[in-house]
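Here's the structure we're looking at; comments come further down.
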Amino acid sequence: VIKTTMLTKFESKSARVKGLAFHPVRPWICASLHNGVIQLWDYRVGTVIDRFEEHDGPVRGVDFHLHEPLIVTGGDDYKIKVWDYKLRRCLFTLLGHLDYIRTVQFHPNATQFPWILSASDDQTLRLWDFQKRSCLSVLTGHNHYVMCASFHPSEDLIVSASLDQTVRVWDTAGLRKKQLGGPGLDEGYPGMMDVNGNRGGTSAAAATALNVQAELFGTNDVVVKYVLEGHDRGVNWAAFHPTLPLLASAADDRQVKLWRMSETKAWEVDTLRGHANNVSCCLFHPKQELVVSNSEDRSIRVWDVSKRVGVQTFRREG
């Protein structure tokens, strides 16, 4: 039997909270708000310890870097901003998306791969190098808003969810090999350097053409591995299991679905039913075989993955 209680409740008069991220070590939570403000909270004492204001309009995506004092945010102003919370300022802005940005995430191994992943209403995902401050790849294929995107914790995979009713899994092995200069490095790609710092052997005109091609059609460094179809409304969220080859997705059809992946294919395993309205988000518990989901029915539900049943429901009082 799971016994759970609300640990802390901290409230301040603010605009709606659109994004949340836990600090990997410190007792901090970062909240991005509908009014464009980013608040840094200490959740042990329930106080705002800092705030960052530079976005114009709602900020939906936020994430902490695992090791460095960095926060990344993505907003309705089409901008991705990287902040240093020690210096207490925005370091730089990444431009390229053509519509609202829904989620942003640092690569789980950001020391080796200084990547940021973003999902946008412009129907694309983008991968960015935050050290070079440039776009690495544009992932096209969804034909409606991309509501979320996240890296696999340990494999060369990305998952995305879209209002086009699909979940897509993308393979980033090609990009990783290119970045590390390993086998499969495209010698002629513009802007890529080899281990000696020499640029790829292309003329300026060819390089420009390739850049335009990458911008319009995406590059082939990241390829779609699976397209998961099964929801009959838009999908709001998808998440990888931390260790098993499983996925969970949450959609406007009021369902949470579980999917299994093999090397060659992915398939639907089960549907968790119980929410009475659109399901906004879902995630796997890091250690127990549980899925947590939240919905516009104002409830948070906890599901047992092995038994595939709901085990607990939380509703906000009042």
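Table for the structure above
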{"quantity": "Pair list, Cβ < 6 Å and 6+ apart or interchain, from segment 283-306 residues that are in contact (Cβ under 8 Å) with a residue 12 or more places away in the chain to residues that are of a type in the set (Phe, Trp, Tyr)", "calculated": "Val291/Phe284; Val291/Trp303; Ile300/Phe314"}
{"quantity": "Among (1) open to solvent by 20 Å² or more (accessible area, probe 1.4 Å); (2) touching a residue at least 60 places away in the same chain (Cβ under 8 Å); (3) touching a strand residue (DSSP E or B) at 6+ places or on another chain (Cβ under 6 Å); (4) not hydrophobic (A, V, I, L, M, F, W, C), the one test that Thr140 misses", "calculated": "(3)"}
{"quantity": "Enumeration of residues in segment 59-73 that are open to solvent by less than 20 Å² (accessible area, probe 1.4 Å) and farther than 12 Å from Leu20 by Cα", "calculated": "His65, Leu70"}
{"quantity": "Output for segment 102-112, where each listed residue is touching an Asp or Glu at 6+ places or on another chain (Cβ under 9 Å) and outside any strand (DSSP E or B)", "calculated": "Ala110, Thr111"}
{"quantity": "Lone unmet requirement of (1) over 26 Å from Ile158 (Cβ atoms); (2) among the aromatic types (Phe, Trp, Tyr); (3) open to solvent by less than 60 Å² (accessible area, probe 1.4 Å) for Trp259", "calculated": "(1)"}
{"quantity": "Number of positions in segment 152-174 that are surrounded by 23 or more Cβ atoms within 10 Å (Cβ to Cβ) and hydrophobic (A, V, I, L, M, F, W, C)", "calculated": "5"}
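The values are calculated or read from the model by the stated rules, or taken from the named source; none is laboratory data. The model shown is predicted, which means the values in this text are computed figures rather than measured ones. Cβ atoms come from the backbone with ideal geometry, glycine included; neighbour counts cover every protein chain shown. Remember, those area values only see protein heavy atoms, side chains included, never the ligands or the DNA or RNA. Shrake-Rupley method; radii C 1.70, N 1.55, O 1.52, S 1.80 Å.
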